[in-house]
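Written out below as structure tokens is the structure these notes cover.
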Amino acid sequence: MPADPAPTPVQILTAPTASGKTGLSIALAAQAGDVEIVSADAFLVYRGLNVGTAKPDAAEQRGIPHHLIDVADPDENYDVAQYVRAAEAAVTDILARGRRPLVVGGTGFYLTALLQGLPLTPRSDAHARAALETELQARGLDALLAEIEASSPAEARRMERNPRRVLRALEVYRATGRWPGEYGRTTPAHTYHVTAFAPPQADLETRIAERTVRMFRAGWPQEAAWLASRVDPATQPRPTVWQTLGYDAALAAWRGELPQDEAVRRVTLATRQYARRQLTWMRGQLRAPLLTPDEAARQLARHLHLKA
């Protein structure tokens, strides 16, 4: 009896922030007609965070089902385990209806968990996490990385200078004596094929700068003020939603604590640094070449069986 054919991989499209992956995914989904988009963005899950997350608006989403957008309130701590369960369920449902899922996003730890499974590490402890965040502010990222390096150079390299990952690694190690990388993972529910791309560096930096200006003009400070009225940014441990890139500066601009042009400059710089971290993750973790935008469009169109 012949073996069952291997399942067709689910397509993933990823790129650094501001690269144009949302527009590309919507254009391809519209051309395909049977594609539904599953977001892999850690902050698009939150209702009300529209401007500052560059969330696709109602017009962009019209006619193309989107999943894992606006599924949590800002005062919820929505974690990677919740995301993976929901994303795998969405992919399964899309396939069961005879349609095709396209996973789109740039949140590395979401995509890693989909591709490799969830780490079997202990649940996070809010108080331990708050203490580590205070320690990070007092000692700095390099000191915490040096602590990891002294015990496990391999684990330190795995951190890729990501503060969130560093804090989680130290939390687990101090509680258990084992680094997160020493734990196993769950088995992914699906197989995937990754298309990753990035514009040339100068183009990406220009896109980031221009988008940041547009977002402030579109009301980002007002949105940050709305968020602060619902979730106090001074709460300890720091609410997850206030880790979203740029909202602190946008709120400072709204309160008059920071001139808006300075807030734009700071957010632009922070976004460029975040994009570099995304690129580091893509080069180090994804088993896929980093394509140009045009190459990515052609490759994904081919995998979706679209006309070039």
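The values are calculated or read from the model by the stated rules, or taken from the named source; none is laboratory data. A quick note: this is a predicted structure, and the numbers were derived from the prediction, not measured. Here the Cβ is made from the backbone with ideal geometry for all residues, glycine too, and neighbour counts use every protein chain on show. The accessibility values were calculated without ligands, DNA or RNA, using every heavy atom of the protein model including side chains. Shrake-Rupley method; radii C 1.70, N 1.55, O 1.52, S 1.80 Å.
A compact table of results
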| item | result |
| --- | --- |
| Test: residue in the stretch 11-19 that is within 30 Å of F216 (Cβ to Cβ) and open to solvent by 60 Å² or more (accessible area, probe 1.4 Å) | no |
| Cβ-Cβ under 8 Å pairs, at least 6 apart or on other chains, the stretch 72-90 side assigned to a helix (DSSP H, G or I) and at pLDDT 95 or above, far side crowded, with 19+ Cβ neighbours inside 10 Å and basic (K, R) | none |
| Residue within the stretch 125-145 that is assigned to a helix (DSSP H, G or I), in contact (Cβ under 8 Å) with a residue 60 or more places away in the chain, within 30 Å of L300 (Cα to Cα) and small (G, A, S) present | no |
| Residues satisfying the stated conditions in the stretch 103-126, i.e. in contact with a helix residue (DSSP H, G or I) (Cβ under 6 Å, 6 or more places away or on another chain) and under 14 Å from I69 (Cβ atoms) | V104, Y110 |
| Positions within the stretch 15-48 being assigned to a loop (DSSP other than H, G, I, E, B) and of a type in the set (K, R), in sequence order | R47 |
| Scope the stretch 156-191; condition among the acidic types (D, E) and modelled with pLDDT of 90 or more; matching residues | E171 |
| G52 vs. criteria surrounded by fewer than 20 Cβ atoms within 10 Å (Cβ to Cβ) and among the small types (G, A, S) | no |
| Scan of the stretch 119-160 for residues that are in contact with a strand residue (DSSP E or B) (Cβ under 6 Å, 6 or more places away or on another chain) and open to solvent by less than 50 Å² (accessible area, probe 1.4 Å), ordered by number | none |
| Positions within the stretch 73-96 being open to solvent by less than 30 Å² (accessible area, probe 1.4 Å), of a type outside the set (F, W, Y) and in contact with a Leu (Cβ under 8 Å, 6 or more places away or on another chain), in sequence order | P74, A81, V84, A87, A90 |
| Qualifying residue in the stretch 163-172 (condition: under 24 Å from T240 (Cα atoms), β-branched (V, I, T) and open to solvent by 60 Å² or more (accessible area, probe 1.4 Å)) | no |
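Yes or no, residue by residue, for (1) in contact with a helix residue (DSSP H, G or I) (Cβ under 7 Å, 6 or more places away or on another chain); (2) under 30 Å from E88 (Cβ atoms):
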position	(1), (2)
T187	no, yes
I208	yes, no
A218	no, no
P221	yes, no
S229	no, no
Q236	yes, no
T244	no, yes
P259	no, no
